[in-house]
Amino acid sequence: MKAVAACAAALTLPLLLIVLLTGHNTASGADPESAGAPTAFAKTDIPPAYLRWYQDAAATCPGLPWNILAAIGSVESDHGRSRLPGIHSGQNPAGAGGPMQFLAATWTAYGIDGDHDGRTDRYNPADAIHGAARYLCANHAGKGGRHLYQAIWRYNHADWYVRKVLVQARRYATATSTGSRRGALAVRAALRWLGTPYAWGGGGTTGPGYGIAQGAGIKGFDCSGLAQYAWAQAGIHIPRIAADQYNAGTGRDPFAGGPLPAVMYRIMHETPD
(Lines give C-alpha, C1' and ligand atoms only; values in the text may rest on other atoms or scores of the structure.)
Protein backbone atom coordinates (compact mmCIF):
# COMPACT_ATOMS: atom_id res chain seq x y z
CA MET A 1 0.00 0.00 0.00
CA LYS A 2 3.03 2.28 -0.01
CA ALA A 3 2.34 3.35 -3.59
CA VAL A 4 -1.26 4.18 -2.71
CA ALA A 5 -0.13 6.36 0.18
CA ALA A 6 2.48 8.03 -1.98
CA CYS A 7 -0.02 8.86 -4.72
CA ALA A 8 -2.46 10.12 -2.13
CA ALA A 9 0.24 12.39 -0.80
CA ALA A 10 0.86 13.76 -4.26
CA LEU A 11 -2.80 14.39 -4.96
CA THR A 12 -3.47 16.04 -1.61
CA LEU A 13 -0.62 18.51 -1.96
CA PRO A 14 -1.73 20.61 -4.93
CA LEU A 15 -0.30 23.83 -3.49
CA LEU A 16 3.12 22.23 -3.02
CA LEU A 17 3.11 20.89 -6.57
CA ILE A 18 2.09 24.26 -7.93
CA VAL A 19 4.91 25.94 -6.02
CA LEU A 20 7.41 23.38 -7.28
CA LEU A 21 6.28 23.56 -10.87
CA THR A 22 5.58 27.28 -11.23
CA GLY A 23 8.27 28.76 -9.03
CA HIS A 24 5.68 30.48 -6.78
CA ASN A 25 6.12 33.79 -8.58
CA THR A 26 3.42 36.18 -7.40
CA ALA A 27 4.57 39.30 -9.19
CA SER A 28 1.98 41.27 -11.14
CA GLY A 29 2.24 42.28 -14.77
CA ALA A 30 2.47 38.76 -16.15
CA ASP A 31 3.63 37.92 -19.62
CA PRO A 32 0.28 37.08 -21.26
CA GLU A 33 1.88 34.04 -22.89
CA SER A 34 2.81 32.47 -19.55
CA ALA A 35 -0.13 32.92 -17.24
CA GLY A 36 0.07 31.99 -13.60
CA ALA A 37 -2.60 32.21 -10.92
CA PRO A 38 -5.40 34.79 -11.11
CA THR A 39 -4.48 38.17 -9.64
CA ALA A 40 -6.60 39.89 -7.00
CA PHE A 41 -7.98 42.07 -9.78
CA ALA A 42 -8.97 39.01 -11.81
CA LYS A 43 -10.81 37.49 -8.88
CA THR A 44 -12.72 40.75 -8.42
CA ASP A 45 -13.41 41.45 -12.08
CA ILE A 46 -14.22 37.97 -13.40
CA PRO A 47 -17.34 36.14 -12.14
CA PRO A 48 -16.27 32.87 -10.43
CA ALA A 49 -18.09 30.64 -12.91
CA TYR A 50 -16.49 32.44 -15.84
CA LEU A 51 -13.04 32.17 -14.27
CA ARG A 52 -13.49 28.42 -13.92
CA TRP A 53 -14.69 28.12 -17.52
CA TYR A 54 -11.73 30.14 -18.82
CA GLN A 55 -9.27 27.92 -16.97
CA ASP A 56 -10.98 24.67 -17.91
CA ALA A 57 -11.29 25.67 -21.57
CA ALA A 58 -7.65 26.77 -21.78
CA ALA A 59 -6.61 23.34 -20.49
CA THR A 60 -8.09 21.78 -23.63
CA CYS A 61 -5.48 23.58 -25.74
CA PRO A 62 -1.91 22.94 -24.48
CA GLY A 63 0.00 26.21 -24.35
CA LEU A 64 -3.05 28.50 -24.47
CA PRO A 65 -2.97 30.80 -21.40
CA TRP A 66 -6.28 31.02 -19.60
CA ASN A 67 -5.94 34.78 -19.18
CA ILE A 68 -6.01 35.28 -22.97
CA LEU A 69 -9.45 33.70 -23.04
CA ALA A 70 -10.48 35.82 -20.06
CA ALA A 71 -9.24 39.01 -21.71
CA ILE A 72 -11.18 38.22 -24.87
CA GLY A 73 -14.28 37.60 -22.76
CA SER A 74 -13.73 40.93 -21.04
CA VAL A 75 -13.32 42.88 -24.28
CA GLU A 76 -16.19 41.15 -26.05
CA SER A 77 -18.90 41.23 -23.39
CA ASP A 78 -17.51 42.16 -19.96
CA HIS A 79 -17.79 38.46 -19.10
CA GLY A 80 -21.42 38.32 -20.17
CA ARG A 81 -22.48 41.39 -18.17
CA SER A 82 -22.83 43.73 -21.15
CA ARG A 83 -26.38 44.62 -22.19
CA LEU A 84 -25.38 45.45 -25.76
CA PRO A 85 -27.30 43.76 -28.62
CA GLY A 86 -26.16 40.23 -29.44
CA ILE A 87 -24.71 39.28 -26.05
CA HIS A 88 -27.69 37.40 -24.63
CA SER A 89 -29.82 37.01 -27.76
CA GLY A 90 -29.91 38.11 -31.36
CA GLN A 91 -26.83 39.52 -33.06
CA ASN A 92 -24.85 42.73 -33.12
CA PRO A 93 -24.64 44.76 -36.37
CA ALA A 94 -21.72 42.59 -37.52
CA GLY A 95 -23.71 39.39 -37.01
CA ALA A 96 -21.89 38.19 -33.86
CA GLY A 97 -23.71 36.67 -30.90
CA GLY A 98 -23.06 35.39 -27.38
CA PRO A 99 -20.60 36.40 -24.65
CA MET A 100 -17.61 35.51 -26.84
CA GLN A 101 -19.22 37.11 -29.92
CA PHE A 102 -19.19 34.34 -32.49
CA LEU A 103 -20.38 34.77 -36.05
CA ALA A 104 -22.90 32.06 -36.90
CA ALA A 105 -20.64 30.41 -39.48
CA THR A 106 -17.65 30.37 -37.14
CA TRP A 107 -19.77 28.91 -34.38
CA THR A 108 -21.00 26.17 -36.67
CA ALA A 109 -17.37 25.21 -37.33
CA TYR A 110 -15.96 25.54 -33.80
CA GLY A 111 -18.84 25.44 -31.35
CA ILE A 112 -18.56 23.01 -28.41
CA ASP A 113 -20.93 21.72 -25.76
CA GLY A 114 -18.77 23.02 -22.94
CA ASP A 115 -21.10 22.14 -20.07
CA HIS A 116 -22.20 18.77 -21.51
CA ASP A 117 -25.90 19.59 -21.42
CA GLY A 118 -26.46 18.11 -24.87
CA ARG A 119 -26.70 21.47 -26.62
CA THR A 120 -24.16 23.62 -28.46
CA ASP A 121 -25.24 27.20 -27.87
CA ARG A 122 -23.13 30.29 -28.55
CA TYR A 123 -25.19 32.21 -25.95
CA ASN A 124 -24.27 29.67 -23.26
CA PRO A 125 -21.06 31.02 -21.65
CA ALA A 126 -19.54 27.59 -20.98
CA ASP A 127 -20.09 26.57 -24.60
CA ALA A 128 -18.91 29.91 -25.95
CA ILE A 129 -15.69 29.94 -23.92
CA HIS A 130 -14.80 26.38 -24.88
CA GLY A 131 -15.61 27.23 -28.49
CA ALA A 132 -13.29 30.24 -28.29
CA ALA A 133 -10.49 28.03 -26.96
CA ARG A 134 -11.05 25.61 -29.83
CA TYR A 135 -10.99 28.43 -32.39
CA LEU A 136 -7.82 29.98 -30.95
CA CYS A 137 -6.17 26.57 -30.78
CA ALA A 138 -7.02 25.87 -34.42
CA ASN A 139 -5.15 29.09 -35.22
CA HIS A 140 -2.09 27.88 -33.25
CA ALA A 141 -2.49 30.16 -30.22
CA GLY A 142 -0.89 27.48 -28.03
CA LYS A 143 2.44 27.99 -29.80
CA GLY A 144 2.76 31.49 -28.35
CA GLY A 145 4.68 34.43 -29.79
CA ARG A 146 3.57 35.60 -33.22
CA HIS A 147 1.22 32.60 -33.43
CA LEU A 148 -0.69 33.84 -30.40
CA TYR A 149 -0.81 37.37 -31.78
CA GLN A 150 -2.10 36.13 -35.13
CA ALA A 151 -4.69 33.87 -33.46
CA ILE A 152 -6.10 36.82 -31.50
CA TRP A 153 -6.04 38.96 -34.66
CA ARG A 154 -8.06 36.31 -36.47
CA TYR A 155 -10.61 36.51 -33.66
CA ASN A 156 -11.16 40.18 -34.50
CA HIS A 157 -9.22 41.55 -37.45
CA ALA A 158 -7.66 44.60 -35.80
CA ASP A 159 -4.27 45.30 -34.24
CA TRP A 160 -5.82 47.59 -31.64
CA TYR A 161 -7.99 44.66 -30.56
CA VAL A 162 -4.98 42.38 -30.09
CA ARG A 163 -3.17 45.03 -28.05
CA LYS A 164 -6.24 45.57 -25.86
CA VAL A 165 -6.57 41.84 -25.21
CA LEU A 166 -2.89 41.47 -24.31
CA VAL A 167 -2.98 44.45 -21.94
CA GLN A 168 -6.02 43.03 -20.15
CA ALA A 169 -4.48 39.57 -20.03
CA ARG A 170 -1.47 40.95 -18.15
CA ARG A 171 -3.77 42.36 -15.50
CA TYR A 172 -5.45 39.01 -14.93
CA ALA A 173 -2.55 36.66 -14.16
CA THR A 174 0.53 36.50 -12.01
CA ALA A 175 3.86 36.13 -13.75
CA THR A 176 5.53 32.79 -14.41
CA SER A 177 8.02 31.44 -16.90
CA THR A 178 7.40 29.58 -20.16
CA GLY A 179 8.62 26.32 -18.63
CA SER A 180 6.50 26.91 -15.57
CA ARG A 181 3.49 27.48 -17.82
CA ARG A 182 3.68 23.89 -18.99
CA GLY A 183 4.15 22.74 -15.42
CA ALA A 184 1.03 24.64 -14.43
CA LEU A 185 -0.89 22.98 -17.27
CA ALA A 186 0.27 19.57 -16.03
CA VAL A 187 -0.78 20.36 -12.46
CA ARG A 188 -4.17 21.59 -13.60
CA ALA A 189 -4.70 18.45 -15.67
CA ALA A 190 -3.75 16.19 -12.75
CA LEU A 191 -6.00 18.00 -10.27
CA ARG A 192 -9.02 17.35 -12.47
CA TRP A 193 -8.78 13.70 -11.37
CA LEU A 194 -8.50 14.36 -7.65
CA GLY A 195 -10.28 11.52 -5.86
CA THR A 196 -9.87 9.02 -8.70
CA PRO A 197 -9.17 5.47 -7.41
CA TYR A 198 -5.61 4.20 -7.32
CA ALA A 199 -5.19 1.37 -9.85
CA TRP A 200 -1.81 -0.32 -10.15
CA GLY A 201 -0.85 -0.17 -13.83
CA GLY A 202 -3.87 1.99 -14.63
CA GLY A 203 -4.16 5.12 -16.71
CA GLY A 204 -2.05 6.84 -19.32
CA THR A 205 -2.10 9.68 -21.82
CA THR A 206 -5.82 9.34 -22.57
CA GLY A 207 -7.01 9.30 -18.96
CA PRO A 208 -7.96 6.69 -16.33
CA GLY A 209 -7.79 3.03 -17.30
CA TYR A 210 -8.20 -0.41 -15.75
CA GLY A 211 -5.20 -1.60 -13.81
CA ILE A 212 -3.41 -4.92 -13.86
CA ALA A 213 -2.37 -7.48 -11.21
CA GLN A 214 -3.52 -6.06 -7.85
CA GLY A 215 -5.17 -3.21 -9.80
CA ALA A 216 -7.27 -5.50 -12.01
CA GLY A 217 -10.90 -4.45 -12.12
CA ILE A 218 -10.15 -0.95 -10.83
CA LYS A 219 -10.40 2.00 -13.22
CA GLY A 220 -8.10 4.81 -12.25
CA PHE A 221 -4.45 5.84 -12.24
CA ASP A 222 -1.26 4.73 -10.64
CA CYS A 223 1.41 7.35 -9.96
CA SER A 224 3.27 7.09 -13.24
CA GLY A 225 0.03 6.82 -15.21
CA LEU A 226 -1.22 10.07 -13.74
CA ALA A 227 2.12 11.77 -14.37
CA GLN A 228 2.15 10.62 -18.00
CA TYR A 229 -1.43 11.82 -18.49
CA ALA A 230 -0.82 15.23 -16.88
CA TRP A 231 2.29 16.02 -18.89
CA ALA A 232 0.64 14.86 -22.10
CA GLN A 233 -2.03 17.51 -21.57
CA ALA A 234 0.79 20.06 -21.43
CA GLY A 235 2.18 18.80 -24.73
CA ILE A 236 5.08 16.84 -23.22
CA HIS A 237 5.40 13.09 -23.73
CA ILE A 238 7.16 11.08 -21.03
CA PRO A 239 7.57 7.31 -20.57
CA ARG A 240 4.85 5.25 -18.91
CA ILE A 241 6.99 3.41 -16.34
CA ALA A 242 8.03 5.27 -13.18
CA ALA A 243 11.70 4.35 -13.34
CA ASP A 244 11.86 5.53 -16.95
CA GLN A 245 10.19 8.78 -15.98
CA TYR A 246 12.77 9.28 -13.26
CA ASN A 247 15.53 8.93 -15.84
CA ALA A 248 13.81 11.12 -18.43
CA GLY A 249 15.77 14.22 -17.47
CA THR A 250 18.95 15.52 -19.00
CA GLY A 251 22.03 13.65 -17.84
CA ARG A 252 22.26 11.28 -14.88
CA ASP A 253 21.34 13.85 -12.26
CA PRO A 254 17.52 13.72 -11.96
CA PHE A 255 17.54 17.30 -10.70
CA ALA A 256 19.18 18.49 -13.94
CA GLY A 257 15.86 18.89 -15.74
CA GLY A 258 13.60 16.93 -18.02
CA PRO A 259 9.84 16.86 -18.26
CA LEU A 260 9.16 15.22 -14.91
CA PRO A 261 10.86 17.04 -12.01
CA ALA A 262 12.60 14.60 -9.70
CA VAL A 263 11.00 16.27 -6.71
CA MET A 264 7.56 15.29 -8.04
CA TYR A 265 8.80 11.75 -8.47
CA ARG A 266 9.98 11.69 -4.86
CA ILE A 267 6.66 12.96 -3.55
CA MET A 268 4.85 10.18 -5.41
CA HIS A 269 7.27 7.31 -4.89
CA GLU A 270 9.36 7.88 -1.79
CA THR A 271 6.81 8.66 0.89
CA PRO A 272 7.95 6.96 4.11
CA ASP A 273 6.08 3.85 5.22
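The values are calculated or read from the model by the stated rules, or taken from the named source; none is laboratory data. Because the structure is a prediction, the values reported are computed rather than measured. Note: ideal-geometry Cβ built from the backbone for every residue, glycine included; neighbour counts use all protein chains shown. Each accessible area value is taken on the protein alone, full model and side chains, heavy atoms only, with ligands, DNA and RNA left out. Shrake-Rupley method; radii C 1.70, N 1.55, O 1.52, S 1.80 Å.
Values for this structure:
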item	result
Considering residues of the range 205-228 that are within 24 Å of Lys143 (Cα to Cα) and among the small types (Gly, Ala, Ser) only, the residue modelled with the lowest pLDDT	Ala227
Val162 vs. criteria over 17 Å from Pro62 (Cβ atoms) and surrounded by 19 or more Cβ atoms within 10 Å (Cβ to Cβ)	yes
Residues that are of a type outside the set (A, V, I, L, M), without any contact (Cβ under 8 Å) to a residue 60 or more places away in the chain, part of a helix (DSSP H, G or I) and open to solvent by 30 Å² or more (accessible area, probe 1.4 Å), drawn from the range 228-244	Asp244
So Ala190, is it within 25 Å of Leu51 (Cβ to Cβ) and in a helix (DSSP H, G or I)	yes
